[in-house]
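Below you'll find the structure, written out as structure tokens, and then a few comments.
Taken together, the values in this text are just the output of simple stated rules run on the coordinates, not laboratory data. Note that the structure is a prediction, hence the values are computed from the model and not measured. With ideal geometry, Cβ positions are generated from the backbone for all residues, glycine too; neighbour counts draw on all protein chains shown.
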Amino acid sequence: MSLETEAYRLCPSLWIEENELLLDYKGRPVILDEKQIEILDSSASQIVLLCHRQFGKSSLSALLCLHRAMFFERSLCLLVAPSLRQSSENFRRVASFMETLELELTEDTKLSCKLPNRSRIVALPGGDEGENIRGYSAPSIVVEDESSICSDPLYESIRPMLISNPDSRLILAATAHGQKGHFYKIWTEEKDWLKIFVPVTENSRFTPERLEQERARGELYFRQEFLCEFLTDEFSLFDDERISQAMDDTIEEIKMTEY
């Protein structure tokens with residue numbers, strides 16, 4: 001293995017930048033920011049990403065799967081999404097990166113491919129019950145894209161397949177979507193995850209004017225989609241925090257004022 005290949009193997013962000021794999025809307029190479037580098041180069045076995053809309057979660061997910069497949073032979077890389085449309089779009093991203101790298105494939109379908117090193121990348125539509133991902137075992141990496149709108153049965157179908165591979169990695173990536181589901185519970189309750197939080201206020205790629213246009217569409221919409229806040233239904237009068245406060249039996253004494 002050459003020194004360059006070993007460097008790319010250990011540092012996905014270096015591989016991406018030197019091969020100009022991430023491009024902006026004008027086709028110019030993207031300079032990765034600190035959060036993107038942290039996500040790409042982390043070796044954590046469990047990562048949960050809470051990021052604003054248009055951060056690039058799906059592109060990073062596709063790149064993480066492709067990197068694993070290229071540099072670790074016989075890897076099974078699963079890119080899971082809640083619908084067929086999203087799975088197809090995610091695989092299109094993988095295919096685009098492979099085209100840039102001029103990779104040769106030994107097998108290629110609409111939602112999967114096999115590399116000469118026997119690694120496979122499979123994009124899967126999860127379905128409400130997770131039935132589409134059963135049958136896969138010992139994956140090297142599983143990325144659940146749009147995790148906050150993936151069903152809980154889908155997530156429960158993913159967990160058992162990781163047990164037989166001690167080196168497997170699980171990455172959940174999403175924007176906040178209500179105070180419910182496995183993504184919300186993992187972010188707010190579970191401890192053994194690397195948690196990476198990226199609200200739009202930490203991203204310099206968007207102009208203040210454009211963000212104000214989005215904020216003008218609705219404060220709750222902006223807080224959820226761009227500030228990554230877990231909110232309840234926009235039409236609900238009370239959120240979970242206020243309900244919990246209402247159930248609190250520690251009531252402060254009310255002091256009456258005499259007139």
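Could you tell me how many degrees, from 0 to 90 and to the nearest 10, lie between the Cα long axis of helix 152-161 and the main elongation axis, the longest principal axis, of the Cα atoms of the chain?
Here the helix axis deviates by roughly 40 degrees.
Would you please calculate the Kirkwood hydrodynamic radius of the range 138-211 over all C-alpha pairs and express it in Å, rounded to one decimal?
So the Kirkwood estimate lands at 14.1 Å.
Search the structure for amide H atoms under 5 Å from the amide H of LEU124, placed 1.01 Å from N in the peptide plane, and list their residues when 5 or more places away or on another chain.
LEU79, VAL80, ALA81
Would you mind telling me the antiparallel percentage of the DSSP bridges in the range 3-205, rounded to 5?
20
Taking a ≥ b ≥ c as the square roots of the eigenvalues of the Cα gyration tensor of the range 35-91, is the shape rounded (a/c under 1.5), prolate (a/b larger than b/c) or oblate?
The shape class here is oblate.
Express the C-alpha Rg of the range 11-110 as a ratio against the empirical globular expectation 2.2 N^0.38 Å, rounded to two decimals.
1.06
Report the net charge of residues surrounding SER148, where surrounding means a beta-carbon distance below 13 angstrom and charges are Lys +1, Arg +1, Asp -1, Glu -1.
Result for the local shell: -2.
Give me, ordered by chain and number, the residues 5 or more places off ILE141 or on other chains with an amide H under 5 Å from its own placed amide H.
HN-HN under 5 Å from ILE141: LEU76, LEU78, ARG169.
How many angstrom lie between the C-alpha centres of the range 10-40 and the range 100-155?
The range 10-40 and the range 100-155 have Cα centres separated by 22 Å.
Show me the chymotrypsin sites (Phe, Trp or Tyr not before Pro) within the range 39-108 that DSSP assigns to loop and that have at most 15 other Cβ atoms within 10 Å of their Cβ.
PHE72
From the backbone phi of the range 54-66, what are the Karplus-calculated ³J(HN,Hα) couplings (6.51 cos²θ - 1.76 cosθ + 1.60, θ = phi - 60°) in whole Hz, Gly and Pro given as x?
Karplus-based 3J(HN,Hα) across the range 54-66 equals 6, 6, x, 4, 5, 5, 5, 4, 4, 5, 5, 5, 5 Hz.
Give me the mean projected area, in nm² to one decimal, of the convex hull enclosing the Cα positions of the chain.
The directionally averaged projection comes out at 18.9 nm².
Restricting attention to the chain, give the cysteines that have no other cysteine Cβ less than 4.7 angstrom from their Cβ.
Those would be CYS11, CYS51, CYS113, CYS150, CYS228, since no other cysteine Cβ in the chain comes under 4.7 Å of theirs.
What FRET efficiency comes out for GLU229 versus GLN54 if R0 is 25 angstrom and r is the Cβ-Cβ distance? Round to the nearest 0.05.
0.90
LYS110: which lysines have alpha carbons under 28 Å from its alpha carbon, excluding same-chain residues fewer than 8 sequence positions away?
LYS26, LYS57
With a 10 Å cut-off between alpha carbons and a GNM built on the chain, which of TYR155, TYR221, TYR184 moves the most?
Answer for the Gaussian network model of the chain: TYR221.
Taking only DSSP H segments of four or more residues, each worth -39500 (n - 2.57), what value at 222 nm results for the chain once the sum is divided by all its residues, to the nearest 500 deg cm²/dmol?
-11000 deg cm²/dmol
I'd like the FRET efficiency for ALA7 and ARG28, computed as 1/(1 + (r/R0)^6) with the beta carbon distance as r and R0 of 25 Å, rounded to 0.05.
Approximately 0.55, to the nearest 0.05.
Taking the chain as the reference, fit the longest principal axis to its C-alpha atoms, fit the long axis of helix 84-101 to the helix C-alpha atoms, and give the angle between the two in degrees, 0 to 90, nearest 10.
50
If contacts are Cα pairs under 8 angstrom and at least 6 residues apart, what is the relative contact order of the range 3-205 in percent?
This gives 25 percent for the range 3-205.
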